[in-house]
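Data block below; observations after.
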Amino acid sequence: MILAEVVRSGFVESVHYGSVVVLDAAGRVVAAVGDVAGPSFPRSSNKPLQTVGMLRAGLRTAEPADLALISGSHFGEPFHVARTRQILATAGLDESALRCPPALPSSELERDIVLRDGGGATPILMNCSGKHAGMLATCVVNGWSLEDYRDAKHPLQVALADAVSELAGEPIAATGIDGCGAPCFAVSLTALARGFQRLVDAPPTSFERLVADTMRTDPELVAGTGEDDTLLMRGVPGLLAKGGAEGVLAVAVAGVGAVAIKVGDGAMRARMPVLVSALRRLGLTAPVLDELATVPVIGGGVRVGEVRAAW
């Protein structure tokens, strides 16, 4: 089904197909389009569930905020890099232990600064380095090997797969290799939404709630200054959000419901308008939702249209 349309000068020039599921506070499906029962890779939207798996396997961090970075896809700002180094140092490691690929910061500003200063791509600047630091710290706690921690058969990844499956409430349908080289686990959109709902509805002392609370308290660590996930969690009280590559996004609000989205062609620009439409179906309102309801389409340096929800 068409989820979003791209309007230029009053003319619909493109559309984005995909799937979205909306759950109410009781976990019931109240709206759904597309395939919400078949599996897809949530990509980085799986990270909060994986962080719960790390905690269950014995991970303990120096500060609660570390969990927000481990659960996030950071944009390579200096405070992201410093905290990643801190997580590694607490485990007795340094950035040479990271097995994520070298990258430049996701933030254009920080990327320009790195290049201006004569730097280049490094593993710690990669947006998944926080997750990898958490994985390594979990291995240290358990005495597991470090060189192969990304292997799907490694005890770490087996533990994380078990956590994702249990929280999502269904078996993992497929295991792939994510952009950072670690395993990614396929589940349905409905299962992803329910997994996020479990995080926000969990008892205050649980690992699930700890992950949700730290992400909502420090959303800049989850994404970056002014980025979509950060804006959502700053602008909507109690909302937990985590995006993923290829047009994936999952959110949940305790006592309200949850949403999971997969844009079929992987377009990231369609996610926010579709999410705002879904959240409004749950009765949520906030100025930030009005701001994110459309994405500008530019012509000649000025706004001439928008990407908007079509469902």
Would you point out the residue of region 49-80, among those that are part of a helix (DSSP H, G or I) and open to solvent by 20 Å² or more (accessible area, probe 1.4 Å), that is nearest to LEU192 (Cα to Cα)?
ARG56
Is it the case, given these coordinates, that VAL30 is open to solvent by 20 Å² or more (accessible area, probe 1.4 Å), under 26 Å from ALA258 (Cβ atoms), assigned to a strand (DSSP E or B) and modelled with pLDDT of 95 or more?
yes
ARG234 vs. criteria open to solvent by 20 Å² or more (accessible area, probe 1.4 Å), out of contact with any Ser or Thr (no Cβ under 9 Å at 6 or more places or on another chain), outside any strand (DSSP E or B) and in contact (Cβ under 8 Å) with a residue 24 or more places away in the chain:
yes
Picked from region 152-167 (must be open to solvent by 10 Å² or more (accessible area, probe 1.4 Å) and either free of Cβ contacts under 8 Å to residues at least 12 places away in the same chain or in contact with a Lys or Arg (Cβ under 9 Å, 6 or more places away or on another chain) (or both)), the residue nearest to LEU192 (Cα to Cα) is GLU166
Anything in region 243-276 that is over 15 Å from the mean Cα position of the chain (by Cα), open to solvent by less than 10 Å² (accessible area, probe 1.4 Å) and on the phi > 0 side of the Ramachandran plot? List them, or say none.
GLY257
Note on SER145: of the conditions (1) free of Cβ contacts under 8 Å to residues at least 40 places away in the same chain; (2) in a helix (DSSP H, G or I); (3) open to solvent by 20 Å² or more (accessible area, probe 1.4 Å), unmet is (2)
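Restricting attention to region 3-17, does a residue exist that is within 25 Å of LEU282 (Cβ to Cβ) and either without any contact (Cβ under 8 Å) to a residue 60 or more places away in the chain or part of a helix (DSSP H, G or I) (or both)? Talk me through it step by step, then tell me what you get.
Quick first cut of region 3-17, residues within 25 Å of LEU282 (Cβ to Cβ) only: 3-5, 15-17.
Retained after the next criterion (residues that are either without any contact (Cβ under 8 Å) to a residue 60 or more places away in the chain or part of a helix (DSSP H, G or I) (or both)): none.
Looking through region 3-17, none of the residues is within 25 Å of LEU282 (Cβ to Cβ) and either without any contact (Cβ under 8 Å) to a residue 60 or more places away in the chain or part of a helix (DSSP H, G or I) (or both).
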On the basis of being open to solvent by 40 Å² or more (accessible area, probe 1.4 Å), at pLDDT 95 or above, in contact with a helix residue (DSSP H, G or I) (Cβ under 7 Å, 6 or more places away or on another chain) and assigned to a helix (DSSP H, G or I), does ARG83 make the cut?
yes
Considering only region 285-292, I want to know if a residue exists there that is assigned to a loop (DSSP other than H, G, I, E, B) and either crowded, with 18+ Cβ neighbours inside 10 Å or within 20 Å of the chain's Cα centre (by Cα) (or both).
no
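The values are calculated or read from the model by the stated rules, or taken from the named source; none is laboratory data. Being a predicted model, the structure only gives us computed values, none of them experimental. Ideal geometry is used to build each Cβ from the backbone, glycine not excepted, and the neighbour counts take in all protein chains shown. What goes into the accessible areas is simple: the full protein's heavy atoms, side chains included, and nothing from ligands, DNA or RNA. Shrake-Rupley method; radii C 1.70, N 1.55, O 1.52, S 1.80 Å.
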